[in-house]
Amino acid sequence: MWDQVQETVNYIKAKTGFTPEYGVILGSGLGSFTDDIQIEFTLPYTEIPNFPVSTVQGHKGALVFGIIGNKKVVAMQGRFHFYEGYDMKQVTFPVRVMKYLGVTKLVVSNASGGVNPSYKVGSIVLIKDHINMMPEHPLRGKNDERFGPRFVNMSEPYNRSMIVKAKEIAQELNIEVHDGVYLGLQGPTFETLAEYKMVKALGADCVGMSTVPEVIVARHMELECFGLSVITDMGDEENIEEVNHEEVLKAAQTAEPHVRNLIKTLIEKY
Ligand code: HPA
């Protein structure tokens, strides 16, 4: 894997000559964040050696390189999910690539189902911690010490000072934010009522199908992480409204201007 990562990094460096400081992974319905970037290069995943190709509707499938404020960023427009059939090493491959392109801070966003009754559809949640209930671990197997240690400390998966800064910014911009614990399940089914209850009983505030493996791999390589979730459906009522992918995308798009503004300002100011 080390050699594959380096091959991909060398290809991208030769194409762009760009050294990003921030990596951004955009979740369902949040892809137009790239409108905030002064774009310098766009590389479709199909052109990048060793990259998987994204299959989900609403995910575009390109690496976008450019500037926000005075910061250099690389954004993944579309991510890879375990439920698409990739293994966890493929799902997290782009995070490895970002690291060796120069990224030191990773910003991830996602859509999730809320089980905390103080949330509503459209709520923005700053992820303060996660629970990994994915069926495969991205660090399983022989550890390559060049990436990081065998046993990774996960006491601060989401950087506390980035969360503090994001809360300050949200207040200045008059954007309501919550914080919460995100629980990662493989999907692709949305949860049953009993499963939403389980998620809540386990101590999580929201549940989704991404983010956790990416953050684990980012922490393996000591990237600072910031995660944000948009609640696209509520799973804590006796009668959940019917959830489907279209509703999820619609709800994510409603919150999108705020999310964009928050992430953009955080990157500019942090
Ligand atoms: N569950 C899991 N993933 C999700 C949900 C949900 O309710 N909403 C958006 N992504």
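The values are calculated or read from the model by the stated rules, or taken from the named source; none is laboratory data. This is a predicted model, so every value here is computed, not measured. Ideal geometry is used to build each Cβ from the backbone, glycine not excepted, and the neighbour counts take in all protein chains shown. For the accessible areas, the whole protein counts, side chains as well, though only heavy atoms, and no ligand, DNA or RNA atoms are used. Shrake-Rupley method; radii C 1.70, N 1.55, O 1.52, S 1.80 Å.
Determine whether the stretch 63-75 contains at least one residue that is open to solvent by 10 Å² or more (accessible area, probe 1.4 Å) and over 29 Å from Glu156 (Cβ atoms).
Within the stretch 63-75, not a single residue is open to solvent by 10 Å² or more (accessible area, probe 1.4 Å) and over 29 Å from Glu156 (Cβ atoms).
If I ask for residues that are among the small types (Gly, Ala, Ser) and near the ligand (Cβ under 9 Å from one of its atoms), which ones from the stretch 98-118 would you list?
Listed by number, the residues that qualify are Ala111, Ser112, Gly113, Gly114.
Looking at the stretch 89-114, I want the residues that are within 17 Å of Val64 (Cα to Cα) and have a partner that is hydroxyl-bearing (Ser, Thr, Tyr) and within 16 Å of the ligand (Cβ to nearest atom) with Cβ atoms under 7 Å, at least 6 apart or on another chain. Which pairs are those?
Val108/Thr211
Quick check on Tyr22: is it surrounded by fewer than 20 Cβ atoms within 10 Å (Cβ to Cβ) and either farther than 23 Å from Pro138 by Cβ or away from the ligand (no atom under 16 Å from the Cβ) (or both)?
Answer is no for this residue.
Of the residues Val243, Val199, which is farther than 19 Å from Met88 by Cα, within 9 Å of the ligand (Cβ to nearest atom) and over 20 Å from the mean Cα position of the chain (by Cα)?
After applying the criteria, what remains is Val243.
Residue check: is Leu228 under 30 Å from Met1 (Cβ atoms) and open to solvent by less than 30 Å² (accessible area, probe 1.4 Å)?
yes
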